[in-house]
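Peer 1: One structure, as structure tokens, below. Some questions next.
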Amino acid sequence: MPLFTEGLPQPLTRIHILGICGTAMGAIAGMLKDAGYEVTGSDTGAWPPMSDYLAGLGIDIMKGYNASNLDAAQPDLVVVGNVMRSDYEESQAVVDRDLAYCSFPHVLGELFLEQATSIVLAGTHGKTTTTAITAWLASAAGLDPGYLVGGVVKGWDRTARAGGGGHFVIEGDEYDTAFFDKQPKFVHYRANTAILTSVEFDHADIYRDLEHCQESFRRLVAGLPEDGLLIARWDHPAVRKCCEEPPCEVWRYGPGQDWDGRIEGVDPTEGKMEFTVLREGQPLGTFRSVLVGEHNLYNQVAAVAAMVREGVTVEQLQAGFESFRGIKRRQDVIGEPGGVTVIDDFAHHPTAVALTTEALRLRFGGRRLWVVFEPRSNSSRRKIFQEPYAQAFGAADRVIIKASYDLRIPEAERLDPHQLAADLRAQGIDAVCIDETQDIVAEVAADAMEADVVAVYSNGGFDGIHGDLLGALERRFSP
């Protein structure tokens, strides 16, 4: 059966997902399960929180991309994640056996987005956070939205749900859709409202430069309907460049824009920020949130704007912010053994590293701040970001860089983590590169003091460092 680009095969009962442990793929697995489909999936490995999430759904993960997985699954449809390559054994078997297959965005659009008011959150930075808070605010206001968030929202046992109220809030990823579809995922999401938080060069494995990235975001903007809405971070020149010919109304947000915000204060005890949203220079409302920092201020301004468009009141928004507990892997406090606060964060792009570190400095004041950073993504391990990383850790007191875990990138194109540590030391930052994860754990456990803050940055599992670090600190400080 050929690739599906329109519709889906019928009858449709059993769906098999290749790359099921990706955040979006795991999310769609839950939605399909809720909709009554039999779901199976394969991946090379899994780590929390996604492994726990899939286990909670009762979905066993088939280890490895082997053709034999298809014998066990007997699927009516195979959904292919963008982690898959055409030369993987299971990918080849799907084609050779003439099985029906399509991309994850196609399934999402056909089954869940066709009849919904789609609110798409896009941008190089901030899209997971902005998606999470927008979906939470919509839910707290009683809109009963569907949502898909590229992270785990505290207080929800799903990263995605179908919803029943006619709205769908979705994280719009600019990464390509699948090996057979090189369009960015968000062009499939049928946006009625789009939030564009930022545009920078990222995903160096698929984009050539900033201009190439902007081409993708222009497609998102061009696809909005005439009665739609574009909410754009207007003080960013690269964002404005993507919005030169909008087909619909534009709400501009950011410093000095029609939608603005100001931080009223941060409570380090509760870890909450109080902020005011301004519309055309006039206060719209004041809110309290666990999302701290200037970048989170404007992520939340954008979320407020989107909800105002949908008729949500200030009082409903205030209640929503008060009940929001945050997102796992975004300034996520995972333990405080011996008074040492250990934080897990997804930050990996240089801008995200800088903004997250500055936000933690604002949140925790003068406490000694460690950053433990693993360059893991395809972009973060490339030399093109060598200099930007050297400028990204200025708000930290101590920095530990993990040596690259995968050396398949050609040496001439590869980030040099030892040089990065040297560049940071030249700026007066206490920095070191350590090859092995267990040695990083030993270093932190030996030197951390009560009231220190240790932030671990990685877009992957980091060899299970989080649990090991908590255990080592507990042993160090136990009576």
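The values are calculated or read from the model by the stated rules, or taken from the named source; none is laboratory data. These numbers come from a predicted model, not from an experiment. Methodologically, a virtual Cβ is constructed for each residue, glycine included, from the backbone with ideal geometry; neighbour enumeration extends over all protein chains shown.
Peer 1: Do you know which residues across the stretch 406-450 are in contact (Cβ under 8 Å) with a residue 40 or more places away in the chain and touching a Ser or Thr at 6+ places or on another chain (Cβ under 8 Å)?
Peer 2: Leu415, Pro417
Peer 1: Is it the case that some residue within the stretch 284-303 is part of a loop (DSSP other than H, G, I, E, B) and free of Cβ contacts under 8 Å to residues at least 24 places away in the same chain?
Peer 2: No, the conditions are met nowhere in the stretch 284-303.
Peer 1: Would you confirm whether or not the stretch 276-284 contains a residue that is under 21 Å from Thr356 (Cβ atoms) and buried (at least 19 other Cβ atoms within 10 Å of the Cβ)?
Peer 2: Scanning the stretch 276-284, I find no residue that is under 21 Å from Thr356 (Cβ atoms) and buried (at least 19 other Cβ atoms within 10 Å of the Cβ), so the answer is no.
Okay, residues lined up against (1) surrounded by fewer than 21 Cβ atoms within 10 Å (Cβ to Cβ); (2) hydroxyl-bearing (Ser, Thr, Tyr); (3) within 23 Å of Arg288 (Cα to Cα):
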site	(1), (2), (3)
Ile327	no, no, yes
Ser377	yes, yes, no
Gln386	yes, no, no
Arg408	yes, no, no
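Peer 1: Consider the stretch 200-227. How many of its residues are in contact (Cβ under 8 Å) with a residue 40 or more places away in the chain and among the charged types (D, E, K, R)?
Peer 2: Here the count works out to 3.
Peer 1: Under 6 Å between Cβ atoms, which residue pairs at least 6 apart in sequence (or on different chains) link something in the stretch 251-263 that is over 16 Å from Ala194 (Cα atoms) with a partner that is among the hydroxyl-bearing types (Ser, Thr, Tyr) and outside any loop (DSSP other than H, G, I, E, B)?
Peer 2: What qualifies is Arg262/Thr276.
Peer 1: Something else: What helices (runs of 4 or more DSSP H) completely inside the stretch 312-395 contain at least 3 residues that are closer than 29 Å to Thr159 by Cα?
Peer 2: Passing ranges, in order: 314-323, 350-364.
Peer 1: Shifting gears a bit: With the condition kept exactly as written, say whether any residue in the stretch 416-423 is assigned to a helix (DSSP H, G or I), farther than 16 Å from Ser380 by Cβ, under 28 Å from the mean Cα position of the chain (by Cα) and in the same structural domain as Ser377 (by TED's automatic domain parsing).
Peer 2: no
Peer 1: Which residue out of Thr197, Thr159 is in contact with a helix residue (DSSP H, G or I) (Cβ under 7 Å, 6 or more places away or on another chain), touching a residue at least 12 places away in the same chain (Cβ under 8 Å), in the same structural domain as Thr131 (by TED's automatic domain parsing) and closer than 17 Å to Tyr147 by Cα?
Peer 2: Thr159
Peer 1: Please verify whether Val301 is buried (at least 19 other Cβ atoms within 10 Å of the Cβ), in the same structural domain as His125 (by TED's automatic domain parsing), out of contact with any strand residue (DSSP E or B) (no Cβ under 9 Å at 6 or more places or on another chain) and within 19 Å of Ala135 (Cα to Cα), treating the condition exactly as stated.
Peer 2: When the stated conditions are applied, Val301 does not pass them.
Peer 1: Here is a follow-up. If we scan the stretch 103-115, do we find a residue that is out of contact with any helix residue (DSSP H, G or I) (no Cβ under 9 Å at 6 or more places or on another chain), farther than 30 Å from Ala352 by Cα and not charged (D, E, K, R)?
Peer 2: Within the stretch 103-115 (the criterion being out of contact with any helix residue (DSSP H, G or I) (no Cβ under 9 Å at 6 or more places or on another chain), farther than 30 Å from Ala352 by Cα and not charged (D, E, K, R)), the answer is yes, since at least one residue qualifies.
Peer 1: Out of (1) modelled with pLDDT of 90 or more; (2) crowded, with 16+ Cβ neighbours inside 10 Å; (3) in contact with a Pro (Cβ under 7 Å, 6 or more places away or on another chain), what's the single condition that is false for Ser404?
Peer 2: (1)
Peer 1: Is there a residue being surrounded by fewer than 21 Cβ atoms within 10 Å (Cβ to Cβ) and aromatic (Phe, Trp, Tyr) anywhere in the stretch 263-275?
Peer 2: Among the residues of the stretch 263-275, not one is surrounded by fewer than 21 Cβ atoms within 10 Å (Cβ to Cβ) and aromatic (Phe, Trp, Tyr), which makes the answer no.
Peer 1: Still on this model: Counting only residues that are crowded, with 21+ Cβ neighbours inside 10 Å and over 22 Å from Leu8 (Cβ atoms), which one in the stretch 28-60 is modelled with the highest pLDDT?
Peer 2: The selected residue is Asp43.
Peer 1: If you check Val107, Val120, Val169, which single one turns out to be surrounded by 20 or more Cβ atoms within 10 Å (Cβ to Cβ), in a helix (DSSP H, G or I), on the phi < 0 side of the Ramachandran plot and not polar (S, T, N, Q)?
Peer 2: Every option except Val107 fails the conditions.
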